[in-house]
Each structure stands twice: as C-alpha cells, then as structure tokens.
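*Asks:* Questions regarding the structure given below will be posed in turn.
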Amino acid sequence: MQQFAIQTRGLRKVFGEKVALRNLSLEVPRGEVFGFLGPNGAGKTTAMKILLGLAAPTEGRAVVLGRAAGDVAARRQIGFLPEHFRFYDWLTAAELLQLYGRLYGMPAGPLRQRVPAFLDLVGLTPHRDQRLREFSKGMLQRIGLAQALLNDPELILLDEPTSGLDPVGRRLVRDIIKAQRERGATVFLNSHLLSEVEITCDRVAFIKHGEVLETRELRGLAEGALQVAIRARKLTGESLPGLSPWASSARLEGERLTLEVSSTDVLPEVLRYLVAQGADVYEVIPQRISLEELFLRIIGTDGGL
Amino acid sequence: MGAWIMAGVTFREAARKKILWLALAAGAGFLALFATGLYFNLKDLAVRPNHLMARAGINSLLMLGLYAVDGLAVAMTVMISADTLSGEIASGTIQAVATKPVARWEVLLGKWLGFVGMLTLYLAMMVGGVSGLTYALSAHFLRAGVTPRHLLLGTCLIWLECLLMLNLTMLCGTAFSTLTNAVLALGMHGIAFIGGWVEQAGAFTHSPRAVNVGIVASVLMPSESLWRRAVYEMQSPVVSAFGFGPFNAESIPSGLMVAYAAAYLTFALGLALHRFAHRDL
C-alpha cells in the first residue's frame, strides 16, 4: 500500500493569464486528517479539483491513492463534499443517496440498508422523502456530507464542510471526521474555520499564490510554538543575544520582554539567566500561539491579494 | 452501466419536472385539433364528386401535420437538451456526478440516451397520431385510407433530423452557456431552413446557382435536407407534381446527403464526448 493518500509534484494550473497554481507539491500521509489552509484565491479549490480529476493540471503530476488523479477506479474510494454543493434538487434526500450509491456501483440490496443508515448519521431521517429544493443550507450540507461518506471511502475531500452549519451541525462534522480517522480513512479538509481545523486536523499545509509555504504538524503546535511575555526591570538590550540558546526571537519594549521558545522546559534556564544579568523579574506568562496567529504569520495580513 | 443510470436520471428528471408530461399533453392537444380540422375538411370534401382532388387535399393536410410535427420536434429537442450540460456545468451540479466512479463519456452518453428515448417517444406519438388519424378519417369518409407513401422511412429521416439537432446541442453544451447553446443550435437550423427554401426555389425557377447556395447551406447544417428527403419519401408523387412548397421536394436531397447528415451527427456526438471528457468542470 502506498504511504501517501495524496502526492503532488510541481502542480501548475493556468487559466488564460491567471496562474491559479504555481508549483504545488504536497504529501498527505494515509490515515491523517489534513488541513489545507490559505486565503481566498490561494488555489485551494483548484488543487482539490485536480485531485478529483475535475480539472487537468497545466504541468506537474498528482497521484491519489496510488493512481493518477481522476482515475475512475481511484474515485471508487473517494468521497467528496464540494464547497457549493449543487445536485438534482428535484430528487428527495433518499433518492439522491440511492442514485449516488448506484453510481458507486453498490448492489441494490446493501444500498437499501445503507441509505437509511446514512440519513440517520446526518440527522435527516425525518426528511428522507422531502425534495432537496425544500432543504435549508444546513440540511443540504448534511446530505452532502452523507453522500461523501456513502461508499466508506479511503479518502474524503471536504471543501468547507461546516459552511452553513449551526454549532450542532459543526459538532456533528467534528464527530464524523473523528470517526472516519478511527476507521482509518484519510480526510483532506479545506476550511476557513481555523478553530475547527485546530481541533480536528493532525497536520496542516499553508498555501498562498498557488504554492505550499509550509506544512506543520498540529499535534506539536502547543508544545512547539510558544510565546512568553516577561515583565522585568533593570534589563537592557545587551542581555538579549545571550538568550539565543533558548529563544528563537527576543524583543524588549520598556519593561516587557517577548520571547519565542520551543518549549516551556527552557523557562527555568531563561529565568536563571535573566536574574544572573541583574534583572528583577515580576511576571512570566507563557502564551500558546493559536493556529490563527500561525496562519497570519505564514500567510501574512495581506491575505495573499 | 453508468450510462444507463444517467439515461434513467435524464428521463426521470423530465418526468419529475413535468416537461415530459406537458410535451405529451401539448402533443395530444395538437392531435385533437388536427383531427377536428381534418374531420370537417373531409366531411365537406366527401360530398364532392372528384375523389382524386379530395385525396390530394387530404394528402396536403397530412403533410402539413407532419411538417408541424417536424418543427415541433426540432424545437422540443433543442429546448429540453440545451441546459443539460451547460446548466449543470455552470451551477456545479455536474461536479457531484463527475467525481463518482463513472467515466465522463458515460455521463454524456447516458444523458444522450435519455433524450433519444424521449424524442423517439414523442415522434412515435406525433407521427403515429397524425398518420393514424388521417388514415382512419379518410378511410371513413372517402372509403380509401390516405397514408404517407413511405411512412417508416420518412419517420426515420425526421428522427435523424432530431438526432442531428440533439447532437449539435450536446456539442455546443460542452462549450457555451444554455442560452448561447440554444440560440446557436436554432440559428444553425435557421440557416439550413432558409438554405433549403433557396434550393427549392432555385430548382423551381431552374437556377443552378440558387440550388448550389442551398446545397452549401445543407453542407453547413444538413437538418433541412433530412426533412426535404422525408417529404420526398412520404409525399404522394401526384401531389408533388402540383408545385413547390414545404410539402414538396423540387430538388431532392440525394442519398449521399443523407449519409453526410448521418456522418455529421455522428461526428458531432463524438466531438461532444471528447470535449466533455477533456474539459475542466
């Protein structure tokens, strides 16, 4: 079995004059929940379309589940929830799942059992015979989620899955993603809700102007990226270079010293050093860097525009 | 398998959106009106002694009915199929289907099969209705049923004309928006239509240059040629001798032109399948 559910090398996509993807190289290990983050227009949806075979790259190569992106056999193992989920709204919820189940090649017998089970999973059992044109945005998002999971896919691509959902719906999405990870599936998640990504993802990639700027493991985010605010007197700028063994950056503004350290483990050493330099330390406050801060640092505040 | 599922979806969509039932109901209304008009015409004609003229008149009414059916079928074909690809691509509906394990060509072929089923049903009802009513009423009043000369062959040619319009619409649907698609398909049919008239008039006035203009128009879009050939196959030769009009074929499209039209529509479908399989969605 391939180690990676998704592998891309130098993906480039050009629409006329516009370069949507510049040089996208990405590796998504199997069994992970992977967040794909970036500002609007960064190329996230284009990248997803290429992975699904909806669009062809201008250059580069994408491999999904060991096959070329868009391969029909690979699509049998993929579930996809588009950001703006549109479908045959003249069908009822149950009919839509039956249709998609048949397109997945599922036999009629098992499908008859799966459809009610998946409607139940997303809380739409009371609306099974209602036409989709009568559904609210949240209900459409739920049926979209059900159809993305119907085939027990090895890889699930979710484009803004919590868009249009209330807090109960968002909780449902989180629980479903967790259950899919426990089942061994890979989840590729594109979301603007960074708090959701922070809770659900194992790893994230930051994308801007059509290329990946950085990939980070989120499990280590709390430990790996720490900002410490220290209030101290009798401290001068000359002491700052001596902090380099423990701090990746140090900034002094009056009595306030801001450090970036790799872990809370180094704080006793930092304090001993500052006291040895003659400083009077009144306050030490470690602050965890949120994914949002990390996002803004990596992507920048211009939003990539 | 995917193609058959998509054919079923296409048929079901037309039925669920009431397009199919309304088309059939409108067709039934058309047939009722045709039968009424035919009934009164026959009643008045039957009292005259010249049965040959009466038969010629009924034959013209029959061809008028078939001409109207041909026009309705062409318009119906374009209208029901113009949005199927353009609309689903524009709205993104196609994405949920195209990411399922079904080849793109199966999606398009399935839709095509669904529309072919619908237009076959429509033509069978309308051509069968017009011909059957004419035969039954003329047999009652004139004691000799009037039928198209080669009904099956003529119907097949009208069916081919609708297939040509369908395939052209499917092809344009892979590249243009719904409205542009419909305008383009009907515009092409308009060129064929006026080209056909120019050719007929040219043949009537013995102007070979006008005939050639019509032939060039038919090469661009051979739909009208198929109708003209259908007229030739279905019209009584006695009535044809009376003059020129939409129910006569002064300049008869050759078998080669019919073969060209068949190749044209096959190529259009092939190109539509290719384009749809390779375009971004």
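The values are calculated or read from the model by the stated rules, or taken from the named source; none is laboratory data. In this text the structure is predicted, and so the values were computed from the model without any measurement. Note that each Cβ is placed from the backbone with ideal geometry, even for glycine, and that neighbours are counted across all protein chains shown.
*Asks:* Give, as residue ranges, the helices (runs of 4 or more DSSP H) completely inside region A:188-305 that count at least 3 residues that are under 30 Å from A:Ile50 (Cβ atoms). Outline the logic, then answer.
*Replies:* Details: elements: A:194-200, A:221-224, A:267-276, A:291-299.
It comes to A:194-200, A:291-299.
*Asks:* Restricted to region A:234-246, and to residues that are in contact with a strand residue (DSSP E or B) (Cβ under 7 Å, 6 or more places away or on another chain) and surrounded by 15 or more Cβ atoms within 10 Å (Cβ to Cβ), which residue is nearest to A:Pro286 (Cα to Cα)?
*Replies:* Checking each candidate, the answer is A:Trp246.
*Asks:* For region A:121-140, give me each residue that is part of a helix (DSSP H, G or I) and either without any contact (Cβ under 8 Å) to a residue 24 or more places away in the chain or under 26 Å from the mean Cα position of the chain (by Cα) (or both).
*Replies:* Correct list: A:Leu121, A:Thr125, A:Pro126, A:Glu134, A:Lys137, A:Gly138, A:Met139, A:Leu140.
*Asks:* Going through region B:5-22 one residue at a time, which ones are more than 14 Å from B:Phe115 (Cβ to Cβ) and either assigned to a helix (DSSP H, G or I) or within 19 Å of the chain's Cα centre (by Cα) (or both)?
*Replies:* Across region B:5-22, the qualifying residues are B:Ile5, B:Arg16, B:Trp21, B:Leu22.
So that you can scan it fast, the table gives a plain yes or no per residue for (1) among the aromatic types (Phe, Trp, Tyr); (2) farther than 15 Å from B:Trp159 by Cα; (3) out of contact with any Lys or Arg (no Cβ under 7 Å at 6 or more places or on another chain); (4) surrounded by fewer than 16 Cβ atoms within 10 Å (Cβ to Cβ):
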residue: B:Lys43; (1), (2), (3), (4): no, yes, yes, yes
residue: B:Ile80; (1), (2), (3), (4): no, yes, yes, no
residue: B:Val97; (1), (2), (3), (4): no, yes, yes, no
residue: B:Gly110; (1), (2), (3), (4): no, yes, yes, no
residue: B:Val116; (1), (2), (3), (4): no, no, yes, no
residue: B:Ala136; (1), (2), (3), (4): no, yes, yes, yes
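*Asks:* So which residues in region A:272-302 are of a type in the set (D, E, K, R), over 16 Å from A:Arg216 (Cα atoms) and not assigned by TED's automatic domain parsing to the domain that holds A:Val261, if there are any at all?
*Replies:* The answer is A:Asp302, and nothing else.
*Asks:* Conditions first: (1) at pLDDT 95 or above; (2) closer than 16 Å to A:Tyr88 by Cα. B:Leu123 passes all but one, so which condition is the exception?
*Replies:* Exception for B:Leu123: condition (2).
Here is a yes/no grid of residues against (1) assigned to a helix (DSSP H, G or I); (2) of a type outside the set (Phe, Trp, Tyr); (3) modelled with pLDDT under 85:
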residue	(1), (2), (3)
B:Asn212	yes, yes, no
B:Ala217	yes, yes, no
B:Leu226	yes, yes, no
B:Ala230	yes, yes, no
B:Val239	yes, yes, yes
B:Phe242	no, no, yes
B:Met257	yes, yes, no
B:Ala263	yes, yes, no
B:Thr266	yes, yes, no
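*Asks:* Of B:Gly87, B:Gly65, which residue is farther than 25 Å from B:Leu152 by Cβ, of a type outside the set (A, V, I, L, M, F, W, C) and either away from chain A (no Cβ under 14 Å) or assigned to a helix (DSSP H, G or I) (or both)? Explain how you work it out, then say what you get.
*Replies:* Working: B:Gly65 fails: farther than 25 Å from B:Leu152 by Cβ.
Going through B:Gly87, B:Gly65 in turn, just one is farther than 25 Å from B:Leu152 by Cβ, of a type outside the set (A, V, I, L, M, F, W, C) and either away from chain A (no Cβ under 14 Å) or assigned to a helix (DSSP H, G or I) (or both): B:Gly87.
*Asks:* Next question, about the same structure. Of all the residues that make up region A:247-265, how many are in contact with a strand residue (DSSP E or B) (Cβ under 9 Å, 6 or more places away or on another chain) and free of Cβ contacts under 8 Å to residues at least 12 places away in the same chain?
*Replies:* 3
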